[in-house]
Amino acid sequence: MNSRLFFVLTCCLCVIALAMSFYMWQLRNRAVDNSIPSGTPEVIAAPSNATQKQITLWVAHDDTATLKSQSVSIASSAERQREAEDIFRSLLEIYTAKGSPHPLPEGAAVRNVYFVDRGLVVIDVNSNFASGQTSGILAEELTLSSLVQTLSANIQGISRVKFLVDGKEASTLAGHADLSNIYEASQVASFARQLSAP
């Protein structure tokens, strides 16, 4: 290759490199300009069908072996399943918080709530909920009573409640409370009143 051809090729490559650098610089400037919001920020409004509802949570207290009612406000919808999920989310925020009166581990959750015919509701908790539960008949009964009473006190028409763990039948919650039973909401309400008495 003679020196003149080498010089021409080198010049061409330099021009191409400069053109590519200029093009990349323009792309970068466009990306920066697009990432800066123009004018006032856009405000996303809450859904028009969202309403605030005052509910009563029945919170277990291990130190006194009682259930205490606690009023909170939640965003709720007309759908019973979504409302039940919102209610349980509020209750579990208390149980998984630091210094909880009835501690459950982080990650404990109600996976699903199924409304079945004739007032039967199935509550499906995850394995963290069951395995992280304080073992003992009273502690486990407080947990189940808290869930049943909280749900039946806030949503009408619930007469019976069945529990599953990870979508499957389980014999006990954490070795004591019998999950093969169907809990009668009226009996749990009577038990909750006894436990809440001063």
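Conditions tested, residue by residue: (1) under 18 Å from residue 60 (Cα atoms); (2) among the hydroxyl-bearing types (Ser, Thr, Tyr).
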{"position": "75", "(1), (2)": "no, no"}
{"position": "78", "(1), (2)": "no, no"}
{"position": "89", "(1), (2)": "yes, no"}
{"position": "104", "(1), (2)": "yes, no"}
{"position": "109", "(1), (2)": "yes, no"}
{"position": "113", "(1), (2)": "no, no"}
{"position": "124", "(1), (2)": "no, no"}
{"position": "134", "(1), (2)": "yes, yes"}
{"position": "149", "(1), (2)": "yes, no"}
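Take residue 31 and tell me if it is within 25 Å of residue 154 (Cβ to Cβ), loosely packed, with under 12 Cβ neighbours inside 10 Å, modelled with pLDDT under 80 and of a type outside the set (S, T, N, Q).
No; evaluated as a whole, the condition is false for this residue.
Working carefully through the options 164, 151, 147, 138, find the one that is in contact (Cβ under 8 Å) with a residue 12 or more places away in the chain, in contact with an Asp or Glu (Cβ under 6 Å, 6 or more places away or on another chain) and not small (Gly, Ala, Ser).
Criteria check complete, one pass: 164.
Check the stretch 140-150 and report whether any residue there is over 26 Å from residue 53 (Cα atoms) and out of contact with any Leu (no Cβ under 8 Å at 6 or more places or on another chain).
Yes.
This table checks each residue for (1) at pLDDT below 90; (2) among the polar types (S, T, N, Q); (3) in a helix (DSSP H, G or I); (4) within 16 Å of residue 154 (Cα to Cα).
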residue: 89; (1), (2), (3), (4): no, no, yes, yes
residue: 94; (1), (2), (3), (4): no, no, yes, no
residue: 111; (1), (2), (3), (4): no, no, no, no
residue: 121; (1), (2), (3), (4): no, no, no, yes
residue: 128; (1), (2), (3), (4): yes, yes, yes, no
residue: 133; (1), (2), (3), (4): yes, yes, no, no
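Here is a yes/no grid of residues against (1) out of contact with any strand residue (DSSP E or B) (no Cβ under 9 Å at 6 or more places or on another chain); (2) buried (at least 20 other Cβ atoms within 10 Å of the Cβ):
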site: 109; (1), (2): no, no
site: 120; (1), (2): no, no
site: 129; (1), (2): no, yes
site: 151; (1), (2): no, yes
site: 155; (1), (2): no, no
site: 166; (1), (2): no, no
site: 186; (1), (2): yes, no
site: 190; (1), (2): yes, no
site: 196; (1), (2): no, no
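The values are calculated or read from the model by the stated rules, or taken from the named source; none is laboratory data. The model shown is predicted, which means the values in this text are computed figures rather than measured ones. Methodologically, a virtual Cβ is constructed for each residue, glycine included, from the backbone with ideal geometry; neighbour enumeration extends over all protein chains shown.
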